[in-house]
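Right, one structure below, let's go through it.
The values are calculated or read from the model by the stated rules, or taken from the named source; none is laboratory data. As the structure is a prediction and not an experimental result, all values here were calculated from the model. Cβ placement follows ideal geometry from the backbone for every residue including glycine, while neighbour counts extend to all protein chains displayed.
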């Protein structure tokens, strides 16, 4: 089936939040902290502004607790006299003219008595920089399997390495925005978001309103990638506060500069590996330390750290593993959810480290992976026994074959020996991604989905999971149509409006198709039972029974419902971090071929092969598009996307100087799927959306190492950074493997 | 109109006339107004999107006298007497290859993408000197990885009618 809303998007008819008709409204704007830390001693309003025309909101206007409700209740809606990061919201303004607003906002001076900020998450904070607990550690987690110290002591070889990954800006093409207005007593907030019920919860909490007096509606969302997971709650609250105070609709739309400066990014990370190996290259011990920069509030950092450490050991069998994780408080703009959610950072380190190990042992990098890849019956670092029947070696073999890896290696050797200025190489990464919330998370969410039968026999899917480009509307239509045997044209997917749809959980963690789609299938079964049919009834029989039911029950709603149930045989202990971390893992092997120009030190990816096993592929066009988009986002993160920092805030908050890949920067991404249907996923599917961003960076860095002899340990591997590495290589120096 | 007003100071409004999607339009515009805002907020043509506001992303691509431009960089008063065409002027039937080949995901870049792509389709002679990837490099997309877009343009070029338009 083709994407449901494609034609509306292609013709420009799709209405995003800033496109909605709105009468008699005010524009909203946020006034932010200029300093990374300190007490707000004064707020000076410009004298040449007609202030009575403006609505001005500060923290005293918040009816409930001054908190954006999330994991911890630590982040204020508006700073109350103290700021912890640059761009922290301090005041809100509203006015009918956007230009007048800009002038007014510029005239305001927020005066901060500065205190020493903590700005480097890698270094232990000085005493004056401690602001969270006794050591600025937001969260500490550990996974222990076997006895890693003993195994390291016995290992024939120990290879150490330190790896770093930078922040990444989402650059969803639609900047964030919200509209808040009132329908009678009900506050209605519409906007671009991934998680309507997160926004609802945050509004209820800080505005002290009961659920019936708040309604949240997702508007067509122009990309999210995690950037619209937790942050939209802030904008929703800001717009709502201005609407409450003014009594008028308020529209708060970020421009690109504000969006890049003030919203979350991917957590920067530092990962240290100490790996014990047998002479044959078998992994005997993995000692891994993962440190991430959380920024100035807890936000989602504990769960990002969790996913980072669970994926840190890679898809390999090893009996003795210790993974220690820390999320650090700093006075940076808080980091947040971004596609992959910690796993890309830890798997960059892990997969680059595999190649460093191979080079140290004088071993082939493919062979090293071949002997260590998890086989069915073996267990991951958390002790999760893998027995899904997927042939992980076959996934790798297919990637090698499609990329003509061996043949090209020989070709590269000849090319590099003769070409004056260009160097080519290929790099491999084998990796995995757990789908759905970690551990007991899915149980805690208590997700519910409804499938309604309409009086005319049509089917309506009701869930809080949203379309942001990844294909929810299309896949949900296909799943409902297939389950009930009806035509896709007879299926509609309800707008994600909290007044109508049940809480099926957030649109994150590669869970929408696999988990929510599974609930949808069961809700469809329930609908069928409610009209007196068994699960074998299909098509016209179902629709006739629905119409008949409505004739017999005029005016009553006909709704099938399903709630999440943990698949059998899954167990997780959150206190020991042992057990089944995810219901299913998707498996992948990616090969990047690069060409480095020694004159400019620029790296170009000239071929990319992405092979993955994601259970049953439900919609080949959408699935391929997800992989290609994820890979290109990964290419950007690996080679060009660099956040420049000034006092913990992004200094290059423009698309002029924060570069993302264009069509001319990347090759065609060649995609192949191996299919091993997952019995507990909708239609046999496993989660797919995040997997493709885990592999490109290590594959590319490994390829650059092959091509040039340099030893990259950090991304983004910009030309400037590669030049430094190549100068070191030129002088025949080994790169020191020391912590920064 | 749509509750928006692009005129900040009615006294300074400049009266202009131009052709929009084939029809004459007369209106008063603020001297500082961007064509993008005039289209979106004054004329309620919201198909043209703002992605960056500085001419980098191409989401606001329109044709000015037949040539693609970033409407966020064009002061509205400059289009006096010119022809402006927006995504709303495109023939939906011609967009079928884009629907089929996965050219759109989130859709925020899409109007700009199809404007540039349609222009390439009308000027296939450009492909003698430039690749599709080069010609599309002014339109940033964060979802598709560009394969869906590039494939769609290639498909559209194969459709009958390619190269017919005279601009």
Checklist entry - When only residues in the stretch A:277-304 that are in a helix (DSSP H, G or I) and over 16 Å from residue A:694 (Cβ atoms) count, which is farthest from the chain's Cα centre (by Cα)? => result A:302
Next on the checklist: Anything in the stretch A:641-662 that is more than 10 Å from chain B (Cβ to nearest Cβ), in a loop (DSSP other than H, G, I, E, B) and surrounded by fewer than 19 Cβ atoms within 10 Å (Cβ to Cβ)? List them, or say none.
Outcome noted: A:644, A:647, A:651, A:652
Next on the checklist: Regarding the stretch A:73-87, can at least one residue be identified that is at pLDDT 95 or above, in contact with a strand residue (DSSP E or B) (Cβ under 7 Å, 6 or more places away or on another chain), buried (at least 17 other Cβ atoms within 10 Å of the Cβ) and within 14 Å of chain B (Cβ to nearest Cβ)?
Outcome noted: no
Next on the checklist: Checking the conditions here, which among A:610, A:623, A:592 is under 26 Å from residue A:720 (Cβ atoms) and within 14 Å of another protein chain (Cβ to nearest Cβ)?
Outcome noted: A:592
Checklist entry - Looking at (1) modelled with pLDDT of 95 or more; (2) under 30 Å from residue A:600 (Cβ atoms), can you tell me which one residue A:398 breaks? => result (2)
Next on the checklist: Show the residue pairs meeting these rules: Cβ distance below 7 Å; 6+ apart or different chains; first residue within the stretch B:85-97 and more than 9 Å from chain A (Cβ to nearest Cβ); second residue part of a strand (DSSP E or B) and buried (at least 19 other Cβ atoms within 10 Å of the Cβ).
Outcome noted: B:85/B:62; B:85/B:63
Item to check | Residues located in the stretch A:666-683, provided they are within 14 Å of another protein chain (Cβ to nearest Cβ) and either within 23 Å of the chain's Cα centre (by Cα) or not in a loop (DSSP other than H, G, I, E, B) (or both) | outcome: A:666, A:669, A:670, A:671, A:672
Checklist entry - Quick one: which of A:144, A:157, A:111, A:148 is in contact with a strand residue (DSSP E or B) (Cβ under 7 Å, 6 or more places away or on another chain), more than 30 Å from residue A:200 (Cα to Cα) and exposed (fewer than 14 other Cβ atoms within 10 Å of the Cβ)? => result A:111
Checklist outcome for this item: Being over 29 Å from residue A:260 (Cα atoms) and in contact with a strand residue (DSSP E or B) (Cβ under 8 Å, 6 or more places away or on another chain) narrows A:313, A:343, A:327 down to just A:313
Item to check | In the stretch B:21-31, residue nearest to the other protein chains (Cβ to nearest Cβ) [restricted to those that are surrounded by fewer than 22 Cβ atoms within 10 Å (Cβ to Cβ) and closer than 22 Å to residue A:23 by Cβ] | outcome: B:28
Checklist entry - Do we find a residue being within 14 Å of chain B (Cβ to nearest Cβ) and modelled with pLDDT of 95 or more anywhere in the stretch A:488-505? => result no
Next on the checklist: For the stretch A:415-451, which positions are surrounded by fewer than 18 Cβ atoms within 10 Å (Cβ to Cβ) and closer than 16 Å to residue A:703 by Cα?
Outcome noted: A:415, A:416, A:422
Checklist entry - For the stretch B:43-78, what are the residues that are more than 11 Å from the chain's Cα centre (by Cα) and more than 11 Å from chain A (Cβ to nearest Cβ)? => result B:43, B:65, B:73, B:74, B:75, B:76, B:77, B:78
Checklist outcome for this item: Among the residues of the stretch A:431-447, the number that are within 14 Å of the chain's Cα centre (by Cα) and either over 25 Å from residue A:350 (Cβ atoms) or part of a loop (DSSP other than H, G, I, E, B) (or both) is 3
Next on the checklist: Can you find, within the stretch A:170-185, the residue that is nearest to residue A:654 (Cα to Cα) among those that are more than 14 Å from chain B (Cβ to nearest Cβ) and in contact (Cβ under 8 Å) with a residue 40 or more places away in the chain?
Outcome noted: A:178
Item to check | Residues (touching a helix residue (DSSP H, G or I) at 6+ places or on another chain (Cβ under 8 Å) and within 7 Å of chain A (Cβ to nearest Cβ)) located in the stretch B:107-125 | outcome: B:107, B:110, B:111, B:114
Item to check | Every residue from the stretch B:32-42 that is away from chain A (no Cβ under 12 Å) and closer than 14 Å to residue B:78 by Cα | outcome: B:35, B:38
Checklist outcome for this item: A careful count of residues in the stretch A:175-199 that are surrounded by fewer than 20 Cβ atoms within 10 Å (Cβ to Cβ), touching a helix residue (DSSP H, G or I) at 6+ places or on another chain (Cβ under 9 Å) and not in a strand (DSSP E or B) gives 1
Checklist entry - Of the residues in the stretch A:17-29, how many are within 7 Å of chain B (Cβ to nearest Cβ) and either surrounded by 15 or more Cβ atoms within 10 Å (Cβ to Cβ) or assigned to a strand (DSSP E or B) (or both)? => result 3
Next on the checklist: Quick test of your reading of the structure: residue B:104 fulfils all but one of (1) farther than 14 Å from residue B:154 by Cα; (2) crowded, with 22+ Cβ neighbours inside 10 Å; (3) under 14 Å from the mean Cα position of the chain (by Cα). Name the failing condition by number.
Outcome noted: (3)
Checklist outcome for this item: Per the filter on the stretch A:30-52, residues out of contact with any strand residue (DSSP E or B) (no Cβ under 7 Å at 6 or more places or on another chain) and in a loop (DSSP other than H, G, I, E, B) are A:36, A:45, A:46, A:47, A:48, A:49, A:50
Next on the checklist: Considering only the stretch A:310-327, I want to know if a residue exists there that is within 24 Å of the chain's Cα centre (by Cα), outside any strand (DSSP E or B) and under 30 Å from residue A:199 (Cα atoms).
Outcome noted: yes
